[in-house]
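The values are calculated or read from the model by the stated rules, or taken from the named source; none is laboratory data. Predicted, not measured: the structure shown is a model, and the values here were computed from it. As a convention, Cβ positions derive from the backbone with ideal geometry for all residues, glycine included, and neighbour counts pool all protein chains shown.
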């Protein structure tokens, strides 16, 4: 890994899969950038299974919504989007709790949002979590995870 490379960590536990497994063309066709999808484990509990979505990198929380956030790397040239579920903007924040504020500096692994993947699924939305290297070239990512990941495990490297 070069000094310029950015190690992106899993913000949620689950199964890492290619973005083309996301049921939304904006993500599955990499329209906002390349990345991976984390499919939360379905056996993690019922509708009350709260978990933390954590920052995948160290940096500044540049955008913060109940269902999604962007963390900008310290170099301010690379941002990573974490989107908690698909079409979850329609939930108007229901089932999501913000744990930081926009503009906060965070370490990799800092809890950002508390949410319930099974609660999202119970409301008729996909709980899959796209993790996207915003505006990166398609070939900029290496070492993609494939299979089970836990909080803080490497998801991909942005070179």
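General remarks:
- Here the condition is being under 21 Å from residue 15 (Cβ atoms) and at pLDDT 95 or above; of 107, 133, 122, it holds for 133 alone.
- All positions within the stretch 33-57 that are at pLDDT below 95, touching a helix residue (DSSP H, G or I) at 6+ places or on another chain (Cβ under 9 Å) and part of a loop (DSSP other than H, G, I, E, B): 40, 41, 42, 44, 45, 46, 47, 48, 49, 50
- Residue that is modelled with the lowest pLDDT [pool: residues in the stretch 88-104 that are surrounded by 14 or more Cβ atoms within 10 Å (Cβ to Cβ) and within 30 Å of residue 122 (Cα to Cα)]: 95
- Qualifying residues in the stretch 1-31 (those that are touching a strand residue (DSSP E or B) at 6+ places or on another chain (Cβ under 6 Å), modelled with pLDDT of 95 or more and part of a loop (DSSP other than H, G, I, E, B)) - the one farthest from residue 107 (Cα to Cα): 22
- Any chance residue 41 is under 22 Å from residue 22 (Cα atoms) and in contact (Cβ under 8 Å) with a residue 24 or more places away in the chain: yes
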